[in-house]
Amino acid sequence: MKGTYLGEFEEVVLLAVGILHEGAYAVSITKEIEKQSRRTVHVSAVHTALYRLEEKGFLKSHLGEATKERGGKRKRLYTITPFGARALQETMELRQQMWAQVPKIIFQGN
Amino acid sequence: MLEEIEGDLNELFAERVAAEGERAARQQYAWDVVRYLRPHTLRQSHQTRTPLYTDMLRNYFILAKRNLLQRKLYAGINLVGLSTGIAFCLLIYAFIRHEHSFDRFHADAGRIYRIDYTDRVNVSFQRRTGKFLGSFQALGGLRMCRLPIPLGPALAESVPEVEGMFRFREGTAVLGAAPGVTQQEEVVFADENLFTFFSFRLRSGNPRTVLAGPRSVVLTESLARRYFGEADPIGKPLTVNVGRPETYTVTGVAEEPPGHSSLRFGVLLPLRSEPQYQQYKDEQLNYFAVLTLVKVREGVSPAALGRKLDGFARRYFAENIQAWRKGKLIGPRETGIQVTAMPLPAVHFDNAVMWPRTTSRLYGYILGSVAGLILLIACINYISLALTNAASRTQEVGLRKVMGASRRQVTLQLWVETQVLVAVAVGAGLALALLLLPAFNAFADRQLVVNPFRNPELLGALLGLGLLVGTLAGGYPAALLAGFNPVKVLKSNRTHRFNPALSRGLVVVQYAVCLFLITAALVMYRQMQYVLRKDLGFDQARVLVVENPEKDPARQKRVWERMQQYAAGRPGIAAVAGASASFGKGSMIYFFTINGQNRPVDVFDVDYNYLPLLGIPLVQGRNFSPQHPTDSVRKEAVIINETLARQLGDDARVGEVSQQLKMRVVGIVKDYHYASLEMKIGPALLWLNPSAASTLLVKLTPGHGPGTLAQLAQDWKTMSGGQPFNYSFLDGDISTQYREYSRWMNLLGLAAGFAILVACLGLFGLSGLNAVNRTREVGIRKVLGASVGQVLLLLNRDVVRLAAVSFVLAVPGAWYLMRRWLQDFAYRVEIGPEVFVAAGVAGLLTALLAVSYHSLKAALANPVDSLRSE
């Protein structure tokens with residue numbers, strides 16, 4: 001599909017949204033990524049990625065409830081759209097396709 | 001920042017505080033914010049739309065109506081005040097606009113200039129115009145707008161920038177269409193290019209030739225109808241007498257000149273038929289009579305024209321300039337005289353010269369200020385009432401905010417409420433203005449029309465005024481009320497106490513303005529009384545002033561003789577005298593060299609009966625008398641007044657010839673006011689001209705007035721050879737001189753009255769609210785033993801103090817301005833303290849009256865009722 005180019009970080013963010021299913025918002029996504037990939041990510045980077053993904057149509061968002069810790073500000077919850085799911089799938093397929101074509105002997109020895 | 005980002009950051013902050021402590025958390029937070037600074041994170045995107053304030057407008061109108069109807073009294077007070085202010089503003093706007101539109105209707109008005117002549121040679125005296133507010137004008141050298149006859153054509157010839165030139169002069173003539181039916185009319189003698197130079201319109205006749213013939217006459221429609229009925233007057237003969245009756249031919253009928261034209265005419269005659277034209281048409285310097293205008297070519301700037309005029313003056317008056325320089329009257333490099341040009345649209349405001357229908361710009365300013373003041377008082381009323389009323393609206397505002405209104409929305413709602421009231425006031429003001437229009441037109445001597453539907457400009461001004469007032473009056477209370485913290489207000493039950501300083505300040509300003517107006521009106525009134533009652537040095541009672549329009553000296557003399565015979569047999573007529581001019585109608589001015597300076601002297605031609613008829617006493621010498629035949633030799637004998645005698649000094653000895661006057665002084669008469677009291681009595685002299693009778697003074701004996709007058713009117717026709725009978729009473733003439741002043745006095749009085757009314761209404765409202773606020777206090781005091789009197793004192797103490805402060809503020813300004821105004825008069829009253837005391841007392845009493853209703857009510861209230869709720 002055209003226009004489904006997914007950067008690496010964006011792919012990770014998208015996957016995190018998928019993992020979190022309900023309750024995926026910027027802070028929880030950031031924590032999930034940090035937990036899964038053991039690298040530090042700043043919440044603003046995640047937010048930018050979320051914003052771009054929503055613009056491309058891979059995510060949709062809605063405003064959720066506010067809590068006391070958030071000073072009465074609501075959180076924005078993201079869910080993957082079918083289009084986004086399709087894009088993820090295609091990316092996965094591409095990886096697997098190419099990975100299958102790499103002769104396994106490169107990784108043996110050494 | 002976007003809401004969710006703020007929330008995220010808050011959440012992270014909370015976690016970090018728990019994990020690392022507050023300080024670290026804060027640092028991280030700051031860093032987070034920096035990292036978040038990208039365009040898409042700021043509030044633009046994703047945001048729910050800001051509420052459209054206009055959605056609520058319909059609701060605001062309903063609320064406004066409801067609120068206003070609930071508080072009918074205060075709405076009513078504000079309505080009265082605002083509509084009065086608006087009505088005044090409207091009238092004065094119409095007036096000022098009319099003033100500024102004078103003479104602009106001519107097609108070439110931008111290129112037309114009036115030529116003035118400034119005399120710097122004879123600067124030893126300054127003649128001030130005797131007009132209202134004359135002392136506020138700057139005085140320069142002697143500038144005149146009347147020029148010698150040949151100056152205009154010479155200018156047009158020698159200055160290439162000048163495309164055309166026009167001269168005119170006013171005068172009177174006696175017209176007759178049928179024998180025996182004659183009427184004296186004001187006429188204008190004009191150059192033949194009147195209708196091509198200006199944009200006056202001709203109903204019939206050729207604009208180029210209509211004044212070309214030496215015996216042509218042009219009438220306006222109304223005059224044509226008067227003399228010729230409905231018939232076409234073109235080509236018909238008309239008898240015109242400007243010295244001798246002659247037959248002229250009507251060559252054109254013109255439309256009435258519009259209301260905003262300086263130049264008005266009923267009858268137009270060629271300039272050449274002016275009686276003194278032939279004699280003085282080449283007189284370069286000593287005869288200043290015609291008004292001269294020029295039209296310049298396209299693109300000529302006023303500065304360029306000015307330079308050309310300077311050059312022209314140098315050439316045209318070259319000989320005179322040389323003579324003056326030689327006689328050391330001017331310096332070797334000076335020219336002594338100056339020829340300047342004034343653009344036509346500005347001419348209407350030039351009060352310093354004798355141009356028809358001028359006014360001072362100051363009129364507009366003063367009227368505008370008065371209207372502005374009244375409007376200001378009304379707005380202050382509104383603000384004060386709103387502020388004091390605010391306490392009762394805090395709950396309303398608090399509730400609205402809790403329900404979700406933003407501060408801006410509440411402000412808007414309150415402002416709409418004010419605006420609705422102002423809109424009603426605008427309507428009421430317009431109605432009021434229309435109601436007052438006839439009276440205002442009578443006052444201002446204009447024919448103004450106030451019709452916003454005809455003039456979109458007026459409508460725009462009206463709407464603009466409404467918006468301005470609404471914002472001015474409503475803006476501050478709206479902003480203040482909308483700023484309430486709903487939590488604080490809804491929790492506590494106490495009434496919010498406002499800083500009373502602002503309210504008090506506003507009331508002080510209001511009252512100071514009122515006091516100022518009252519003082520001004522009082523001073524004017526006193527001056528008027530003084531002027532009307534002052535002894536003028538002669539007896540003005542029962543003196544009839546009859547104009548003798550006969551110009552021919554022989555015939556004039558005959559009329560005079562007949563009048564003497566007529567009077568001799570009648571008991572109703574005590575005496576008849578003749579003079580060249582009556583009071584307030586000007587005098588001749590001759591220049592004499594007195595004490596080395598060229599000075600003007602007022603000169604009157606009189607007959608033998610003049611001084612006795614008016615009861616003017618002589619301090620030395622004698623009156624003219626037939627027993628001294630040399631008296632009647634022209635200019636041989638003269639009577640001077642005390643002022644002139646003082647100036648001449650030793651030279652003025654009775655019975656001897658004065659060297660400076662070159663005439664024999666036969667008597668010195670006591671100074672008397674021959675002109676209005678604005679001017680100091682100047683040097684004057686009387687010549688004997690036994691049949692001087694362009695004006696006849698007829699003294700009537702008491703008790704025979706009406707009968708004698710009627711008889712005289714009938715007999716006049718035979719005596720004067722068919723001349724129309726135009727008369728007035730001397731005391732009436734004198735008091736009309738001050739008519740303008742009494743008009744202004746009436747206006748100021750009226751304005752003061754309105755201002756006081758509005759201010760009192762405001763005070764009334766304020767005191768009502770004040771009393772309500774203090775019912776509990778009053779109740780407690782009464783319980784503790786205060787009498788009604790003491791409570792009254794307490795409640796009114798504030799008012800007295802405020803009135804005192806207003807007084808202190810108003811007095812200096814009023815005193816200074818009134819002094820300047822009084823300088824218009826050479827003979828005036830002094831502004832004594834009584835005036836200020838009277839104004840102050842009046843102000844205080846009205847203030848007390850306004851508050852008395854509520855303070856009495858509060859003082860008499862039963863404390864049980866007010867304290868029951870405790």
| P(r) for the protein assembly as shown: what percent of alpha-carbon pairs falls in each 20 Å bin, starting at zero? | 10, 26, 25, 18, 12, 7, 2, 0, 0
| task | Return the distance in nm (one decimal) between the two label points of a simple spin-label model at B:Asp798 and B:Ala431, each offset 7 Å from Cα along Cα→Cβ. | result | 3.4 nm
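Starting with the highest mean, order B:570-579, B:724-733 by the number of other Cβ atoms within 10 Å, averaged over the residues of each peptide.
Descending mean neighbour count gives B:570-579, B:724-733.
Round to the nearest 0.05 the FRET efficiency obtained for B:Arg504 and B:Gln276 when R0 = 56 Å and r is the Cβ-Cβ distance. Intermediate results must be reported in sequence, preceding the final value.
Working: r = 69 Å, r/R0 = 1.22.
Efficiency for this residue pair is about 0.25.
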| said: Could you check the spin-label model distance between B:Arg776 and B:Arg357? Points 7 Å from the Cα along Cα→Cβ, value in nm. | reply: 6.8 nm
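Cut-off is 10 Å between beta-carbons; in what order do B:Ser204, B:Ser360 appear when sorted fewest neighbours first?
B:Ser204, B:Ser360
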| query | In what order do B:Thr701, B:Thr84, B:Thr358 fall by count of nearby beta-carbon atoms within 10 Å, going from fewest to most? | reply | B:Thr701, B:Thr358, B:Thr84
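Given 0.36 nm per residue, what is the gain on full extension from B:Gln284 to B:Glu20 after removing their alpha carbon distance, in nm?
84.5 nm
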| query | How much FRET efficiency would the formula 1/(1 + (r/R0)^6) give for B:Tyr853 and B:Ala826, where r is the Cβ-Cβ distance and R0 is 51 Å, rounded to 0.05? | reply | 0.60
| Counting each DSSP H run of 4 or more residues in chain B as -39500 (n - 2.57), what helix-only mean residue ellipticity at 222 nm follows after dividing by all residues, to the nearest 500 deg cm²/dmol? | -17000 deg cm²/dmol
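How do B:336-348, A:66-78 rank on mean C-beta neighbours within 10 Å, highest first? If you can, show how the numbers build up before the last one.
Numbers: B:336-348: 19.4, A:66-78: 17.8.
Final packing ranking: B:336-348, A:66-78.
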| said: Under a crude label model (7 Å from the Cα following the beta-carbon direction), how far is B:Arg408 from A:Lys68 in nanometres? | reply: 3.3 nm
| field | Residue mean of other protein chain beta carbons inside 10 Å, B:32-41 | value | 3
| task | Place a label point 7 angstrom from the Cα of B:Arg562 along the Cα-to-Cβ direction, then list the residues of segment B:160-183 whose backbone nitrogen is under 20 Å away. | result | B:173-183
| request: Work out the charge dipole of the protein assembly as shown with +1 on the Cβ of Lys and Arg and -1 on the Cβ of Asp and Glu about the Cα centre, then indicate which of B:Ala541, A:Gly71, B:Pro258 is farthest towards its positive end. | output: A:Gly71
| remark: Treating only Lys and Arg (+1) and Asp and Glu (-1) as charged, each at its beta carbon, one finds that segment B:594-641 has a dipole about its Cα centre, in Debye to the nearest 20, of 140 debye
| Listed residues B:Val174, B:Met56, B:Gly372: farthest to the positive end of the dipole of chain B (Cβ charges) | B:Met56
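Average partner chain C-beta neighbours within 10 Å, per residue of A:38-48? It would help to have the intermediate numbers written out before the result.
Numbers: counts 0, 0, 0, 0, 4, 8, 12, 2, 1, 9, 5.
Shielding by partners across A:38-48 averages 4.
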| Sites A:Arg52 and B:Leu399, calculated FRET efficiency, Cβ-Cβ separation with R0 45 Å, nearest 0.05 | 0.50
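May I ask you to derive the relative contact order of chain B, considering only C-alpha pairs under 8 Å and at least 6 residues apart, and to give it as an integer percent?
Numbers: 1370 pairs, mean separation 129.6, N = 870.
Relative contact order, chain B: 15 percent.
Which length gain, in nm to one decimal place, applies between B:Gln529 and B:Ser742 when the Cα-Cα distance is subtracted from 0.36 nm times their residue separation? Before the final figure, lay out each step's value.
Working: separation 213, 0.36 × 213 = 76.68 nm, distance 0.99 nm.
Additional length available on full extension: 75.7 nm.
Under a Cβ-only charge scheme (Lys and Arg +1, Asp and Glu -1), can you give me the dipole magnitude of the protein assembly as shown about the Cα centre, in debye to the nearest 20? Spell out each step's value before the answer.
Values: 112 positive and 81 negative charges, 402 e Å.
Roughly 1940 debye, rounded to the nearest 20.
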| query | For B:Gly813, what charge total do you get from the other residues with a beta carbon under 15 Å from its beta carbon, if Lys and Arg give +1 and Asp and Glu give -1? | reply | +2
| query | Which residue, chosen from B:Trp324, B:Leu269, B:Leu211, occupies the Cα position most advanced towards the positive end of the dipole of chain B, where the dipole is computed from +1 (Lys, Arg) and -1 (Asp, Glu) charges on Cβ about the Cα centre? | reply | B:Trp324
| said: Let me spell out the model: positive unit charges on the Cβ of Lys and Arg, negative unit charges on the Cβ of Asp and Glu, origin at the Cα centre of chain B. What dipole size does that give, in debye rounded to 20? | reply: 1500 debye
| Taking neighbour counts of Cβ atoms within 10 Å as a proxy for exposure, in what order, fewest first, do B:Trp560, B:Trp744 appear? | B:Trp744, B:Trp560
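Residues of A:76-83, mean number of Cβ from any other protein chain within 10 Å of their own Cβ, rounded to a whole number? Can you show the working numbers first?
Working: counts 7, 1, 0, 0, 0, 0, 0, 0.
Mean shielding count: 1.
Read the figures in this text as sums done on the coordinates, not as results from a lab. Source: prediction; values computed, not measured. Cβ sites come from the backbone with ideal geometry, for glycine too, and all protein chains shown count toward neighbours.
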